[in-house]
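The block underneath contains the structure these notes are about, expressed in structure tokens.
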There are 2 protein chains.
Amino acid sequence: MKPFVFQNPTKLYFGQGQIRHLIAETNQLGSRVLLLYGGGSIKQNGVYDAVMGSLKEAGAEVFELSGVEPNPRISTVRRGAAMCREHRIDWVLAVGGGSVIDCAKAIAAAAVFDADFWDVVSHKRSAQGALPIGTVLTLAATGSEMNAGSVITNEETQDKMGWNSPHTFPRFSILDPAYTVTVPRDHTVNGIVDMMSHVLEQYFHHDEATPVQDGFCESIMQAIVETAPQLVQDLGNVELREIIMYCGTMALNGVLSMGVTGDWANHDMEHAVSAVYDIPHGGGLAILFPHWMDVAVEQHPERFAQLAENVFGIKSAGRSPLEVGKEGIQALRNFWRSIGAPSKLSDYGIDDSRLVLMAGKATTFGPRGRFITLTLEDIADIYKRAL
Amino acid sequence: MKPFVFQNPTKLYFGQGQIRHLIAETNQLGSRVLLLYGGGSIKQNGVYDAVMGSLKEAGAEVFELSGVEPNPRISTVRRGAAMCREHRIDWVLAVGGGSVIDCAKAIAAAAVFDADFWDVVSHKRSAQGALPIGTVLTLAATGSEMNAGSVITNEETQDKMGWNSPHTFPRFSILDPAYTVTVPRDHTVNGIVDMMSHVLEQYFHHDEATPVQDGFCESIMQAIVETAPQLVQDLGNVELREIIMYCGTMALNGVLSMGVTGDWANHDMEHAVSAVYDIPHGGGLAILFPHWMDVAVEQHPERFAQLAENVFGIKSAGRSPLEVGKEGIQALRNFWRSIGAPSKLSDYGIDDSRLVLMAGKATTFGPRGRFITLTLEDIADIYKRAL
């Protein structure tokens with residue numbers, strides 16, 4: 001494995017009823033709270049009331065910013081940061097999924113940044129600090145509740161970029177699986193694809209002597225493959241929601257990438273698609289990842305054979321790694337289709353008119369990927385396969 | 001799974017050459033350092049010089065306390081705490097294995113405690129704070145480098161007890177596997193048994209819907225079972241040392257116990273043996289654990305069958321969980337024996353004269369264990385089986 005530095009200070013409150021800790025956290029972080037949420041589903045499922053009840057009980061003064069977009073925009077970040085400064089906000093509370101949490105991180109950092117925050121998102125400068133951030137998770141997907149990363153879209157330039165800072169780990173995150181039972185099937189499925197993609201991005205590496213890291217990846221993927229088909233048939237099942245919620249957090253809190261350098265080209269490719277077409281991140285990954293695999297398996301079949309055997313239970317039976325690996329890719333395709341994930345860009349009405357534009361955006365910082373390297377042309381080809 | 005709270009703020013520097021971060025950490029934590037170590041092996045293998053070089057380069061004033069015992073004693077804790085107060089120590093740096101780190105935690109907390117620190121170790125009171133702690137690990141075993149726990153022995157009363165506090169997570173830990181290549185075979189083996197026991201203690205639980213946690217446990221144990229036999233034949237192999245070092249840390253940093261309640265009776269039983277006979281912790285666990293398993297498998301065979309299949313690759317072939325589980329226990333015995341771990345209390349010269357005394361100490365706080373419950377009599381019986 002590679003030398004690495006790991007630190008993750010986020011305090012996780014996991015399980016039913018953990019919202020009760022919000023009062024003590026509020027008492028600690030301050031009384032002037034910016035409450036951030038998305039489209040209002042939290043007002044229908046009771047989460048908003050539970051959160052407001054705790055904030056009020058803690059004597060907090062709450063300033064609300066709702067309507068955070070599924071692909072959160074820099075304009076919203078700017079608006080939130082202005083609110084923080086105007087109202088002398090002590091800390092930012094995100095109630096929602098990864099989009100809301102990502103936006104909260106950007107707002108919290110933008111509030112104490114001395115220039116326009118797109119400079120940070122676009123990697124021109126580093127964040128200088130951040131207001132404290134807390135989260136109440138309502139969608140199992142991105143893992144943003146326990147990492148320092150954030151993805152923000154510039155709607156004017158149609159760019160979508162990931163950034164992070166040691167300042168933007170949430171101080172605490174409350175993960176109550178009961179808060180996710182009303183998530184509709186398509187969002188549930190996109191979340192599952194997203195978390196599994198996070199594992200895959202880290203699983204595809206060339207580092208040696210990583211049996212524990214690889215086993216951890218396989219354990220999470222096995223749990224997803226076993227749990228997801230049951231969950232999509234039984235969306236209100238809290239126990240299944242709990243397993244999936246746990247998988248989502250563990251998939252991207254830094255544990256899986258200790259000592260390994262993952263690939264991450266699929267995320268770059270998907271961000272470019274979402275930036276241009278504003279499609280769901282998980283849906284884009286479900287479409288692109290198998291096509292990336294079709295390319296990668298030809299170069300490094302062994303890793304795919306391991307995936308096939310250890311996650312999908314495919315027996316090698318004396319066949320070549322390439323044959324076994326390809327059967328594993330087909331098993332992944334079948335699995336994602338079986339739970340209702342999209343499989344073609346045309347499922348979102350995307351045609352071949354802007355493939356090179358997107359490939360250009362995906363390669364803003366040069367060729368992508370570490371497990372295999374993709375040029376602009378390679379990426380355009382994968383988009384084409386995915387039509 | 002059960003609701004849980006997780007937070008682990010320790011910063012991990014893992015890999016060869018990571019000692020270079022010691023200078024920056026020293027600059028941050030303060031110039032008056034209490035350097036804690038054990039029997040002096042660090043002076044032979046170059047670790048002492050590397051540490052002192054960095055401390056000097058950072059301009060630190062170093063106060064040394066050496067001779068920390070393999071089972072660190074409360075008298076040493078008192079002496080260290082007095083040094084901290086006398087010399088206005090800023091922080092404590094432990095260079096060694098789990099014993100030295102455990103002692104450093106106790107010293108750091110005792111230095112700011114208003115009464116005798118045995119009150120904390122014996123669970124009468126809680127720690128009130130602690131000086132910052134840093135560690136440079138030289139033995140892969142206890143996981144103390146990335147958790148808040150500590151085990152201290154009262155040599156006068158022959159009690160050995162575990163305690164912890166949110167204040168005693170190391171601020172940072174430097175884990176360079178090259179620092180462990182000179183560890184002799186018996187210490188290496190005891191460390192391997194210790195870390196595997198930590199996994200087993202957490203693996204034996206009755207919580208439902210924990211496929212990820214169980215898979216993580218099995219991944220670490222698989223890696224140990226695969227790596228340890230090679231390592232004992234090739235003690236200077238840094239890559240094998242690295243895998244084992246990583247296993248030791250992950251085995252007890254809180255990740256495996258998210259949402260589950262482990263058993264931990266074997267640790268209570270072993271601490272009582274070590275308190276009376278001062279034997280190595282890992283050696284004691286190697287002796288006791290299989291005998292505990294012989295008892296537990298009769299009550300809950302399914303878990304043992306899973307261990308047998310997923311860690312030792314034993315095929316169930318239509319047999320009962322009890323049969324398969326028992327074969328798994330035999331496989332564990334064979335594995336530990338194959339790497340040279342002890343298997344009988346008499347290997348340490350322990351006879352039947354103080355079994356009830358030890359069983360009484362093990363049950364100071366009542367019956368032990370959560371996977372199965374053991375009374376004083378049950379524990380005396382396990383000691384007897386282990387003679």
| query | Based on the mean of other beta carbon atoms within 10 Å per residue, what is the order of B:95-103, A:16-24, A:156-164, most packed first? | reply | B:95-103, A:156-164, A:16-24
| For B:216-228, mean number of other protein chain Cβ atoms within 10 Å | 3
| query | Quick one: Karplus J couplings for segment B:190-198, per residue in order, coefficients 6.51, -1.76, 1.60, θ = phi - 60°, nearest Hz, x for Gly and Pro? | reply | 4, x, 5, 5, 4, 5, 5, 5, 4
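So what is the relative contact order for chain B, in percent, with contacts set as C-alpha pairs under 8 Å and at least six apart?
15
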| Charge context of residue B:142, other residues only, Cβ under 10 angstrom, K/R +1, D/E -1 | -3
| note | So the number of lysine pairs in chain B with alpha-carbon atoms under 28 angstrom apart, 8 or more residues apart or on different chains, is 22
| note | D (µm²/s, integer) via Stokes-Einstein for segment B:184-385, Kirkwood Rh across alpha-carbon pairs, 25 °C, 0.890 mPa s: value 143
| message | Suppose only helical runs count, i.e. DSSP H with n ≥ 4. What mean residue ellipticity at 222 nm does that imply for the protein assembly as shown under -39500 (n - 2.57) per run, divided by all residues and rounded to the nearest 500 deg cm²/dmol? | response | -15500 deg cm²/dmol
| note | For segment B:11-179, inverting the pair-averaged 1/r of distinct alpha-carbon atoms gives a Kirkwood value in Å of 15.5
| request: Let me know the mean shielding of A:247-258 by other chains, meaning the per-residue number of their Cβ atoms within 10 Å of its Cβ. | output: 2
| remark: Within 10 Å of the Cβ of an average residue in B:202-213, the count of other chain Cβ atoms is 4
| query | In degrees between 0 and 90, to the nearest 10, how far off the longest principal axis of chain B does helix B:47-57 point, with axes built from Cα atoms? | reply | 40
| message | Taking a point 7 Å out from Cα toward Cβ as the label site, list the nm distances between residue A:45 and the same residue in every other copy, smallest first. | response | 5.1
| Between A and B, accessible area buried - total, square angstrom, nearest 100, 1.4 angstrom probe | 3200
| field | C-alpha center-to-center spacing [segment B:257-320, segment A:17-92] in angstrom | value | 46
| message | From the C-alpha coordinates alone, can you work out the Kirkwood hydrodynamic radius of segment B:147-225, in Å? | response | 15.6
| query | Kirkwood Rh, the protein assembly as shown, all Cα pairs: how many Å? | reply | 27.5
| request: List the residue from chain B whose beta-carbon is nearest to the axis that rotates chain B onto chain A, together with that distance in whole Å. | output: B:9, 2
| query | Taking the Cα atoms of segment B:98-177 alone, what are Rg (to one decimal) and Dmax (as a whole number) in Å? | reply | 12.3, 38
| query | Sorted by average packing, counted as other Cβ atoms within 10 angstrom per residue and highest first, what order do A:246-253, A:84-91 take? | reply | A:246-253, A:84-91
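The values are calculated or read from the model by the stated rules, or taken from the named source; none is laboratory data. All of these numbers come straight from a predicted model, not from anything done at the bench. Glycine also receives a Cβ, built like all others from the backbone with ideal geometry; neighbour counts cover every protein chain displayed. With ligands, DNA and RNA removed, areas are computed over all heavy atoms of the protein, side chains included. Shrake-Rupley method; radii C 1.70, N 1.55, O 1.52, S 1.80 Å.
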